[in-house]
1. Which trypsin sites (Lys or Arg not before Pro) from the range 3-78 combine a DSSP loop assignment with at most 12 other Cβ atoms within 10 Å?
2. With no solvent and one equal point scatterer placed on each C-alpha of the range 54-103, evaluate the Debye formula and give log10 I(q)/I(0) for q = 0.19 Å⁻¹, two decimals.
3. Pulled fully out, how much extra length does the chain show between L75 and L165, if you take 0.36 nm times their separation in residues and subtract their Cα-Cα distance?
4. Out of the range 73-155, which chymotrypsin sites (Phe, Trp or Tyr not before Pro) are coil in DSSP terms and have no more than 15 other C-beta atoms within 10 Å?
5. How many nm is it between the label spots at L88 and R222, if each spot is 7 Å from the Cα in line with the beta carbon?
6. Stokes-Einstein D for the chain at 20 °C, 1.002 mPa s, Kirkwood Rh over Cα pairs, in µm²/s?
7. Suppose R0 equals 41 Å. What FRET efficiency, 1/(1 + (r/R0)^6) with r the Cβ-Cβ distance, do A60 and L146 give to the nearest 0.05?
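Readers should treat all values here as calculations from the given coordinates under stated rules, not as data from a laboratory. This structure is a prediction, so every number in the text was calculated from the model and none was measured. Because the Cβ atoms are built from the backbone with ideal geometry, glycine has one as well, and the counts that use them run over all protein chains shown.
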Amino acid sequence: MDEENSAFLAYGHRFGVNWIYSGALVHFHVLVSILAGVLIAEALYPARRRERWLGTRQIAGCTLVLACWTPVFVLVTRYNPGALRIGLTLALIGGLVVLARLLPARPLRPRARVARSGWFFLVGVVNMTAVFLVAFVSPEHHPPPLVWSVLFIAVLDAVTVAALLAMSGNGAGWNDRHKVAWISGLLFFFVVIAALKDLEGFEGGSVVGIATAYALWKLWRRVGRPRLAAEPG
């Protein structure tokens, strides 16, 4: 184990859980692995955005695969969180699925005012950059007490959600151009990091990053063109 990983693990680990890594991991996968993919797919195929992508059978199938994979994961790794933590995690996942199906599509009253696309991009840049600096850079350079770092990520995400709601008219007024700008802001951090890593030793990440940035810019231009006059950003 190298010195950087040792400092990172020692800083975040409490009660059998690496809290700072867990927070960053959930943050990344919710925003990038899930949200970014959904919003980009809706921007690419707007005619199908109102369709139901997953039916009861598909959700049941995903649940079954997850339940079957859990014991396999325990067998192929040295880490065993224990039956209690696994059970609580599966129960939490099930509860979130049920909650998502019960909540109304528009839980807040729509508002007319919507911010420009640039503000969505900026919020995405600040959010992802701050989380990764706190989670992965701070532990190596005299970090604050762990509880403050965890609270910072939680508060940052809460403030980000509040800002997005305020800028998007409570989620009712933003269009695909705003959403692509938001996703581009989130991914901007990784584009920059890929370029900086290639300066140390070329691995091709900068090429992928530049191609991603170009594709997002083209998509932003494409979704804004039909309603450019109506879009304030």
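1. For trypsin sites (Lys or Arg not before Pro) across the range 3-78 that sit outside H, G, I, E and B with at most 12 neighbouring Cβ atoms in 10 Å, the list reads R50, R52, R78.
2. Treating every Cα as an identical point scatterer, log10 I(q)/I(0) equals -0.71.
3. Contour length minus Cα-Cα distance gives 28.1 nm.
4. Qualifying residues, ordered by number: Y79.
5. The two pseudo-label positions are separated by 4.5 nm.
6. Taking Rh from Cα pairs, D becomes 105 µm²/s.
7. According to the calculation, E is roughly 0.60.
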